[in-house]
1. For residues that are more than 23 Å from Lys135 (Cβ to Cβ) and of a type in the set (Gly, Ala, Ser), scanning just segment 166-199, find the one that is surrounded by the most Cβ atoms within 10 Å (Cβ to Cβ).
2. Kindly list, by first and then second residue, each pair from a residue in segment 193-210 that is without any contact (Cβ under 8 Å) to a residue 24 or more places away in the chain to a residue that is surrounded by fewer than 24 Cβ atoms within 10 Å (Cβ to Cβ) and outside any helix (DSSP H, G or I), limited to pairs with Cβ atoms under 9 Å and residues at least 6 apart or on different chains.
3. Taking the condition among the hydrophobic types (A, V, I, L, M, F, W, C), in contact with a strand residue (DSSP E or B) (Cβ under 6 Å, 6 or more places away or on another chain) and buried (at least 20 other Cβ atoms within 10 Å of the Cβ), does Leu54 pass?
4. Restricting attention to segment 200-224, report how many residues are assigned to a helix (DSSP H, G or I) and surrounded by 15 or more Cβ atoms within 10 Å (Cβ to Cβ).
5. Scan segment 39-50 and report the pairs whose first residue is over 10 Å from Arg80 (Cβ atoms) and whose second residue is among the aliphatic types (A, V, I, L, M) and open to solvent by 50 Å² or more (accessible area, probe 1.4 Å), with Cβ atoms within less than 9 Å and a gap of 6+ or a chain change.
6. Starting from segment 143-165, keep only residues that are touching a residue at least 40 places away in the same chain (Cβ under 8 Å), then list their pairs with residues that are assigned to a helix (DSSP H, G or I) and open to solvent by 60 Å² or more (accessible area, probe 1.4 Å) whose Cβ atoms are within a distance under 9 Å, requiring at least 6 positions of separation or different chains.
Amino acid sequence: MLKKTVILGLCSGLAFIGISCGKAETATYDRGPARSAAEAISEADRFYSDRPDLGKVRQAIVSLRQAQGEDQSNYDIAWRLAKYNYYLGAHSDNSTEQDKAFNQGLEAGKTAVRLQDGKPEGHFWLGANYGGRAKNSTMSGLSGTEDIKSEMERVLKIDERFQSASAYMVLGQVYCQSPRMLGGDVAKAIEYLEKGAKLAPDNALMRIRLAEAYAAADRKGEAKKAIDDLLAMKPVPGYEPEYNEAIAEAKKLQEKIS
């Protein structure tokens, strides 16, 4: 029970998780004529840009899976499948769809890592899907936490600035939200998050995670400052959904610590 509680906490706000959910939808799509991988990726990216509509995320996944059937060795398809499945699993309110998305995301992430171990995308989204699956499964337990740490630490070795330094954010959450007896360390969490915020000052989700860590350490003044900094920020083009999620969470935390 303790392990399940830990994982539920640490996975509640992993990188690019939102707070709104959509209904599961069942849809079928014609395969149509074969297209190039570049065309499929471009189409999937357009669908994903409207990701608050989960139907568009599902369409993006279908496009990529069809393309992967024609090109099993394409790294850019594999890591996108890991990313898009993660987003779907994290936002869907249907447990069956969540499990399916995270499991497919894990497989896609493993494929991406196998194809290009020296690049950050596969490791990052593989780690995110480990977190998503752990949130939904008591069987993952503490091993889920260790898998997340391992993949995010690998990302830092490859490119610490990847995805606006979000590997620092995820590691900060893991250390902040885990009990001390299971490796939790709020001071270490703050260290990771402060470094991430310094590297990527425009990462809105980093700011709210830092504010949460300060609050957990009973450093309310610094938590309020981090929230004020976030509220004064403007969204980075293309990341408006994540910005809106961060703002909503910041307002809730602001009420809690005021």
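1. Ranking the candidates gives Ala197 first.
2. Pro201/Met233
3. Numbers: among the hydrophobic types (A, V, I, L, M, F, W, C): yes; in contact with a strand residue (DSSP E or B) (Cβ under 6 Å, 6 or more places away or on another chain): yes; buried (at least 20 other Cβ atoms within 10 Å of the Cβ): yes.
Considered against the rule, which asks whether it is among the hydrophobic types (A, V, I, L, M, F, W, C), in contact with a strand residue (DSSP E or B) (Cβ under 6 Å, 6 or more places away or on another chain) and buried (at least 20 other Cβ atoms within 10 Å of the Cβ), Leu54 comes out as yes.
4. So in segment 200-224, the residues assigned to a helix (DSSP H, G or I) come out as 204-216, 220-224.
Still in the list and also surrounded by 15 or more Cβ atoms within 10 Å (Cβ to Cβ): 204-216, 222-224.
Residues meeting the conditions: 16.
5. Pairs that qualify, where the first residue is over 10 Å from Arg80 (Cβ atoms) and the partner is among the aliphatic types (A, V, I, L, M) and open to solvent by 50 Å² or more (accessible area, probe 1.4 Å): there are none.
6. Pairs found: Gly144/Lys3; Gly144/Arg133; Gly144/Lys135; Thr145/Lys3; Ala165/Lys195; Ala165/Lys198.
The values are calculated or read from the model by the stated rules, or taken from the named source; none is laboratory data. Please read these numbers as outputs of a predicted model, since none were measured by experiment. All Cβ positions, even for glycine, are placed from backbone atoms using ideal geometry, and neighbour counts span all protein chains on display. Quick note on the areas: whole protein, heavy atoms, side chains included, nothing else; ligands and nucleic acids left out. Shrake-Rupley method; radii C 1.70, N 1.55, O 1.52, S 1.80 Å.
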